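Undergrad: Right, I'll just put the structure down here and ask away after.
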């Protein structure tokens, strides 16, 4: 039995439907991210789990029991907000103790738990400070400690890192994940940043227009995007659109040349299809024997590897390679041939 | 703002010339007259220094007027705070339509400036012995509101009239503070298991507290310094401190000019103190609402 | 959720009742001058009263001179302080807030004692002198509003950069003031002016203590001598306040920079 189960969720605000036919199950201890552009409905899903919004249709069950008739305060769910939302009138320790105090926990136990939590987020020395005396990263750590202190069944994180600057964001990212693993707490994480989702999650739900476009582990989302939207949102994949031509072998023909496809595309002969190729799957080769030909437009040196921008017909392709593998004839302006293994070409569907 | 780049040294004198008119004006028409009154409170008619004038405040008519003034200012500040808070709460967090909200804000701007003589007339026309409501209650409901002990020229009447500018003032100054109460605080409290009342007791009220106390102090000062409304409403039936001072300035009814100074000084101290409290507390609540 | 809405509407209804009834009462009372029928007699009496015209006219002139005097004192100061000596801004701000702390009656008391016929500056000795003193007094009372309106207006447009830009293009001081600064803060200036107007037009204490024939003392005199005319005066006065406030709202919405007063 899944730990959290959402079935057929629908929610509209006025005449706009923000969540439609949303289904998702989380196992106990799982870390699942809801990833998508703003307005895709991810925050609304989170807020329905928290109890701040009520779905128009559908059900949300935690441990097999529907939570819809419970108020937010009765659901035993911890939540961390993008804006920290620390209580400004309370010290760090008082903020963390809030949930325990409300639950009328014993004073000694509360104290012990607060110490434990502050230790966990590395802010033991700050216990008597007020929120306005802390940096953004510290405030968000306190918010995390506060959410976890009353031992909630579920942890909800609503873009907790978006308001922080890049360096702190990366540090806090791994910190949150470590704490979550230690405690084994089931977590739902909302973000619009694919890097965050990819690096932290057990599974990712890519959302678009109130629906789940694809659900899967990070490597599946990254390497095998199921739809065109996912491929484009995760970015850094080359999307090529063309016509399928089937004969002895199956090809995709486009303005920059053609691609050899696996035989399973044969059934689509004559149709227009979009495929995706990872930048590191493309290889340079001698121009005369290549199926695709293009011109090098720009070379970005990115440390461990270089990224080469090639215009190939009407498509602009990215090719990643280690600097030492790039032959000397790859220079800006030079014509170049490209090749790719057929099993590294991904078929993209348009999700209606 | 970055510091000014160093200018030629002789320029500094002409720079200061630019603010001379303002300081001269403030000196002549604000600071000197006030200082004169303050010093007067501590001098005898012959010029010697004394504390007798202030001691004179604590006797007879002046003391009872001071007492009435304090009571009416505290009472209308208190009621104004509560009622203003309710109205501001209804327009900020109560789900009223946008249009109602805007009209209440605009009306508050007008009503908080609609003090003084016309306000008194409006209340006489409404609740005086021949007023609109008095007559309505008598003819339609058979109730004589003056038989219930109510009297427009008494403490209760003055309170009712003062609230007409106190409540709008409260709405104007507390609305920003209520807007500063973030929805996330409420949601965070709820997700931590707090009920509505628990959220108010543990978070919202403590956060609002400095603003509320500050507003109270401002409303107190506002009522304490008001003269025209009371004079037009009650004539001299109800003697509050500013009315005594008014009569004293006009005709030296206390037969001791320096007692007048002492009353004026007491008024400055009371309104000054409460304004100081207001400013200090406002700074504190702004710190929280970053 | 429905509970919250219900209470909000209840509060709104009670507040509306409390705030509208005196206005209705005032209006109704002002129409009752003729026995047994509603009429505009009270208004007719007021409008036919020469004193009404004299005092209202006097107060109008007074409020306009106050606006001019207040602007002359405040606008250049606020501009200069922000541009040249920002470090004394707290002091200037403090002084402009003092009139909220010192009750008007105390200020009037100080004037009478300090500027009487036997003093160095015997302003109360002549009618013209007293008018001047009254104008200065009103300008003092309006300092907090006037300064805040103009200071906010100046801050909204980053006056320093604008001035430097104009000067770098070869503009002199007069050009800077009249072509750059004033047009940009005209909304702020007008807002401050209307607020001053609303304060001055019906003011009683200062005018009464300095014994000038202004609209405020006239209203009080009517109040103790007539029955229905005071209500008519209150309606007229309320209308004037409304007009001034509506003008401010209108300007604030139409202006490029919203000005808080």
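The values are calculated or read from the model by the stated rules, or taken from the named source; none is laboratory data. Note that the structure is a prediction, hence the values are computed from the model and not measured. Don't worry about glycine lacking a Cβ; one is built from the backbone with ideal geometry, like all the others, and counts go over all protein chains shown.
Undergrad: Taking the conditions exactly as written (surrounded by fewer than 16 Cβ atoms within 10 Å (Cβ to Cβ), assigned by TED's automatic domain parsing to the domain that holds residue A:335 and not in a helix (DSSP H, G or I)), does residue A:243 satisfy them or not?
TA: Judged against the criteria, residue A:243 is a match.
Undergrad: What number of residues within the range A:58-68 satisfy the criterion of being within 14 Å of chain B (Cβ to nearest Cβ) and outside any loop (DSSP other than H, G, I, E, B)?
TA: Qualifying residue count, the range A:58-68: 1.
Undergrad: Residue check: is residue C:50 at pLDDT below 90 and away from every other protein chain (no Cβ under 11 Å)?
TA: It is false that residue C:50 is at pLDDT below 90 and away from every other protein chain (no Cβ under 11 Å).
Undergrad: Restricting to the range B:112-161, name every residue that is at the interface with chain C (Cβ under 7 Å from one of its Cβ atoms), assigned to a loop (DSSP other than H, G, I, E, B) and touching a residue at least 60 places away in the same chain (Cβ under 8 Å).
TA: Passing the criteria: only B:116.
Undergrad: Sticking with this structure for a sec: Suppose we filter A:103, A:93 for residues that are closer than 24 Å to residue B:199 by Cβ and modelled with pLDDT of 95 or more; which single one remains?
TA: From the options A:103, A:93, the qualifying one is A:93.
Undergrad: Name every residue in the range A:260-280 that is more than 16 Å from residue A:316 (Cβ to Cβ) and either in contact (Cβ under 8 Å) with a residue 60 or more places away in the chain or within 32 Å of the chain's Cα centre (by Cα) (or both), in order of residue number.
TA: Answer for the range A:260-280, where residues must be more than 16 Å from residue A:316 (Cβ to Cβ) and either in contact (Cβ under 8 Å) with a residue 60 or more places away in the chain or within 32 Å of the chain's Cα centre (by Cα) (or both): A:260, A:261, A:262, A:264, A:265, A:268, A:271, A:272, A:273, A:280.
Undergrad: Looking at this structure, is residue A:113 part of a loop (DSSP other than H, G, I, E, B), more than 9 Å from every other protein chain (Cβ to nearest Cβ) and either over 27 Å from the mean Cα position of the chain (by Cα) or buried (at least 19 other Cβ atoms within 10 Å of the Cβ) (or both)?
TA: Criteria not met by residue A:113.
Undergrad: Turning to a different aspect of this structure: Consider residue B:27 against the criteria (1) modelled with pLDDT of 90 or more; (2) buried (at least 17 other Cβ atoms within 10 Å of the Cβ); (3) more than 8 Å from chain C (Cβ to nearest Cβ): it satisfies all of them except one. Which criterion is unmet?
TA: With respect to (1) modelled with pLDDT of 90 or more; (2) buried (at least 17 other Cβ atoms within 10 Å of the Cβ); (3) more than 8 Å from chain C (Cβ to nearest Cβ), residue B:27 is out only on (2).
Undergrad: Out of the residues in the range C:123-143 that are at pLDDT below 90 and in contact with a helix residue (DSSP H, G or I) (Cβ under 6 Å, 6 or more places away or on another chain), which is farthest from the other protein chains (Cβ to nearest Cβ)?
TA: Here the answer is C:124.
Undergrad: Something else now. In the range B:93-106, is there at least one residue being facing another protein chain (nearest Cβ under 7 Å), more than 18 Å from the chain's Cα centre (by Cα) and closer than 30 Å to residue C:220 by Cα?
TA: yes
Undergrad: Looking for something in contact (Cβ under 8 Å) with a residue 24 or more places away in the chain, more than 8 Å from every other protein chain (Cβ to nearest Cβ), surrounded by 14 or more Cβ atoms within 10 Å (Cβ to Cβ) and in contact with a helix residue (DSSP H, G or I) (Cβ under 7 Å, 6 or more places away or on another chain) - is there at least one such residue anywhere in the range C:103-122?
TA: no
Undergrad: Here is a list of conditions, (1) part of a helix (DSSP H, G or I); (2) within 12 Å of chain B (Cβ to nearest Cβ); (3) surrounded by fewer than 19 Cβ atoms within 10 Å (Cβ to Cβ), and residue C:92 meets all of them except one; can you say which number that is?
TA: Failing condition for residue C:92: (3).
Undergrad: Let me ask something else about it. Given the condition outside any helix (DSSP H, G or I), within 12 Å of another protein chain (Cβ to nearest Cβ) and within 30 Å of residue C:66 (Cα to Cα), answer yes or no: does some residue in the range B:30-37 qualify?
TA: For the range B:30-37, residues outside any helix (DSSP H, G or I), within 12 Å of another protein chain (Cβ to nearest Cβ) and within 30 Å of residue C:66 (Cα to Cα): absent.
Undergrad: Turning to a different aspect of this structure: From the residues in the range A:69-109 that are more than 13 Å from chain B (Cβ to nearest Cβ) and over 31 Å from the mean Cα position of the chain (by Cα), which one is farthest from residue A:51 (Cα to Cα)?
TA: The qualifying residue farthest from residue A:51 (Cα to Cα) is A:108.
Undergrad: Another question, then. Taking the options A:198, A:183, name whichever one is under 8 Å from the mean Cα position of the chain (by Cα) and either surrounded by fewer than 23 Cβ atoms within 10 Å (Cβ to Cβ) or not assigned by TED's automatic domain parsing to the domain that holds residue A:29 (or both).
TA: Of the residues listed, the single one that is under 8 Å from the mean Cα position of the chain (by Cα) and either surrounded by fewer than 23 Cβ atoms within 10 Å (Cβ to Cβ) or not assigned by TED's automatic domain parsing to the domain that holds residue A:29 (or both) is A:198.
Undergrad: Quick check: is even one residue across the range B:204-216 buried (at least 22 other Cβ atoms within 10 Å of the Cβ) and within 21 Å of residue C:234 (Cα to Cα)?
TA: no
Undergrad: Right, next: Take the residues of the range C:225-246 that are at the interface with another protein chain (Cβ under 7 Å from one of its Cβ atoms) and without any contact (Cβ under 8 Å) to a residue 12 or more places away in the chain: which is surrounded by the most Cβ atoms within 10 Å (Cβ to Cβ)?
TA: C:230
Undergrad: While we're on this one: Name every residue in the range B:180-189 that is farther than 15 Å from residue A:90 by Cβ and either crowded, with 24+ Cβ neighbours inside 10 Å or more than 7 Å from chain A (Cβ to nearest Cβ) (or both), in order of residue number.
TA: Of everything in the range B:180-189, those that are farther than 15 Å from residue A:90 by Cβ and either crowded, with 24+ Cβ neighbours inside 10 Å or more than 7 Å from chain A (Cβ to nearest Cβ) (or both) turn out to be B:180, B:183.
Undergrad: Kindly indicate the residue of the range C:168-210 that is more than 18 Å from the chain's Cα centre (by Cα), within 14 Å of chain B (Cβ to nearest Cβ) and surrounded by 14 or more Cβ atoms within 10 Å (Cβ to Cβ) and also modelled with the lowest pLDDT among those meeting that condition.
TA: The extreme case among them is C:177.
Undergrad: When you scan the range C:7-26, how many residues do you find that are crowded, with 19+ Cβ neighbours inside 10 Å and more than 7 Å from chain B (Cβ to nearest Cβ)?
TA: 0
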